[in-house]
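Engineer: The following block contains the structure, expressed as structure tokens.
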Amino acid sequence: MLHAFAVCRPLPLPHLAEVGGLSSAPVRTLRVGELALVVQEVPAESFTEEALRERLSVRAELERCARAHHEVVAAAARSTTVVPLPMATVHAGAARARAAVAERAGPLLAALDRLEGRAEWGVKVYIGPPGPGGTAERDRRSPTGPNPPGAAEGTGGLAYLERLRARRRSEEERDSLVLRVVERVRAEAARVAVATRPLRVHGVEVTGREHRQVLNLACLVEAGRGRELVARVTAPDRRTDPGARVRVEATGPWVPYSFAGEVVDEGR
């Protein structure tokens, strides 16, 4: 059985010798006309649908396989443009693998042309807890709190309602300014990127409860323009309330996984 990692043009890929992949067999290429499939022989009993489902349900094994898969894709990408394939793409032998690639040769060649000389960058926006001077912080220090100085007995209910209204207003103000930051970051990214794609935002189990992710954007960027993208999206926004603790993060360059999905999905 063959595990497929990526599709590329049939060029020498010397860095494949530096990675182990998912088995003890060497990682190699399989020529398919104008294309090449990066593959590795794997034990059939470990890569059936049922076996994979069981193995990948274990977090440690999932992380190990994902890391090994990415190492092979990245090694190939050091020499040429690649279309990365999803992890656990397996074929019952070389003939089946060649047939699968040949069937999608047109879209795969088009994808390689589109990704040539380009890389993926990630742009993320996080919002942290209100800091000193923020709207929510000012609300907490407001004399309309639960026990305002000099409040007469019996006014606690009114003060409580006022505090709720003030908190709601501060949350609305904060949401509004975060939306402005997100819109600005999207616009600046679009000025540089060839294409952008919104990804699912990470939950607090990944980011931590103190930092909520509000934007996760993949950007396809020409080689040499990565620094420009970073400078544009991370530039301070004077309209932003400093108490909102909005943080913009840009990372890359990466193999463009997020922009190979169309052609990969078409072949499933």
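The values are calculated or read from the model by the stated rules, or taken from the named source; none is laboratory data. Only a predicted model underlies this, so the values are computations on that prediction, with no experimental measurement involved. Virtual Cβ from ideal backbone geometry, glycine too; neighbours counted across all protein chains shown.
Engineer: Out of all the residues in region 1-46, which are within 21 Å of GLU103 (Cα to Cα), in a loop (DSSP other than H, G, I, E, B) and touching an Asp or Glu at 6+ places or on another chain (Cβ under 8 Å)?
Structural biologist: Across region 1-46, the qualifying residues are MET1, ARG9, PRO10.
Engineer: Applying the selection to region 86-113, what residues are of a type in the set (A, V, I, L, M) and in contact with a Gly (Cβ under 9 Å, 6 or more places away or on another chain)?
Structural biologist: Correct list: ALA100, VAL101, ALA102, ALA105, LEU108.
Engineer: So GLU63 fits all but one of (1) surrounded by 13 or more Cβ atoms within 10 Å (Cβ to Cβ); (2) modelled with pLDDT of 95 or more; what number is the exception?
Structural biologist: Condition not satisfied by GLU63: (1).
Engineer: Give all pairs with beta carbons closer than 9 Å in which a residue from region 241-259 that is not assigned by TED's automatic domain parsing to the domain that holds VAL83 and of a type in the set (Asp, Glu) meets a residue that is assigned to a helix (DSSP H, G or I) and modelled with pLDDT under 90; count only pairs at least 6 apart in sequence or on separate chains.
Structural biologist: Pairs found: ASP241/THR135; ASP241/GLU173; ASP241/ARG174; ASP241/LEU177.
Engineer: Can you name the residue in region 84-127 that is more than 17 Å from the chain's Cα centre (by Cα) and among the charged types (D, E, K, R) and, of all such residues, is nearest to VAL201 (Cα to Cα)?
Structural biologist: ARG114
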